[in-house]
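Taking it in order: structure first as structure tokens, then the write-up.
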Amino acid sequence: MKIYQLYRQQQLKVTLQEAWDFFSSPYHLNDLTPDFFHVTIISKVPEKIYGGLMLHYQMKAVFGIPMNWLSEISHCDEPKRFVYEQRVGPFKFWSHEVCLTETPDGIMLEDIMFYAMPLGWLGQLFNTLLIDHKLERIFDTRRDYLDSQWGLNC
């Protein structure tokens, strides 16, 4: 099984608590992602995330086909980091860690993703032809949105 990693880092002019409140809410997913990725939250979501919380989404990430995604907040260290992992969804494995570190200018946001594709070599080919590009586009959109809200040049 081939493991892929995607890492992003971004300096934002926002307080740690404001960043935590924003990033820990699944209701901001559609603000942070391109239109093709539209997310609908199926499960009830509390105001604050916690370790062990299960979240059920439906998204249309590939060819507009609705896909179910069940993720678990596997680690939660408020207000510094949380990890959500796919329990049911399109990947063989998916883990996304969001880290928030205070800096003199605000916070440093780090996104650390590891994922694996299903279907062996066919999944690897699909990743090369489509998935890695879509993931880059998702995180480019996220970067641009966050820059427009809290970038250092705002």
### Query
Counting residues that are under 20 Å from LEU146 (Cβ atoms) and at pLDDT 95 or above, which strands (runs of 3 or more DSSP E) fully inside region 20-125 reach at least 1?
81-88, 93-103, 106-116
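In this structure, does TYR145 turn out to be under 19 Å from SER24 (Cα atoms), among the hydroxyl-bearing types (Ser, Thr, Tyr) and buried (at least 17 other Cβ atoms within 10 Å of the Cβ)? Please lay out each step first, then the result.
Values: under 19 Å from SER24 (Cα atoms): yes; among the hydroxyl-bearing types (Ser, Thr, Tyr): yes; buried (at least 17 other Cβ atoms within 10 Å of the Cβ): no.
No.
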### Summary
Log entry, pairs with first residue in region 31-53 being of a type in the set (Ser, Thr, Tyr), second being surrounded by fewer than 16 Cβ atoms within 10 Å (Cβ to Cβ), beta carbons closer than 8 Å, six or more apart or on different chains, reads THR40/GLN58; SER43/MET54
### Query
When both residues are 6+ apart or on different chains and their Cβ atoms are under 7 Å apart, which pairs have a first residue that lies in region 120-142 and is touching a residue at least 60 places away in the same chain (Cβ under 8 Å), and a second that is of a type in the set (Asp, Glu)?
PHE139/ASP111
### Summary
Flagged in region 56-77 as under 23 Å from ILE112 (Cβ atoms), surrounded by 15 or more Cβ atoms within 10 Å (Cβ to Cβ) and of a type in the set (D, E, K, R), in numbering order, are GLU72
### Answer from LEU32, LEU53 - the residue that is surrounded by 14 or more Cβ atoms within 10 Å (Cβ to Cβ), in contact with a helix residue (DSSP H, G or I) (Cβ under 8 Å, 6 or more places away or on another chain) and not polar (S, T, N, Q)
LEU32
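The values are calculated or read from the model by the stated rules, or taken from the named source; none is laboratory data. These figures come from a predicted structure and were not determined experimentally. All Cβ positions, even for glycine, are placed from backbone atoms using ideal geometry, and neighbour counts span all protein chains on display.
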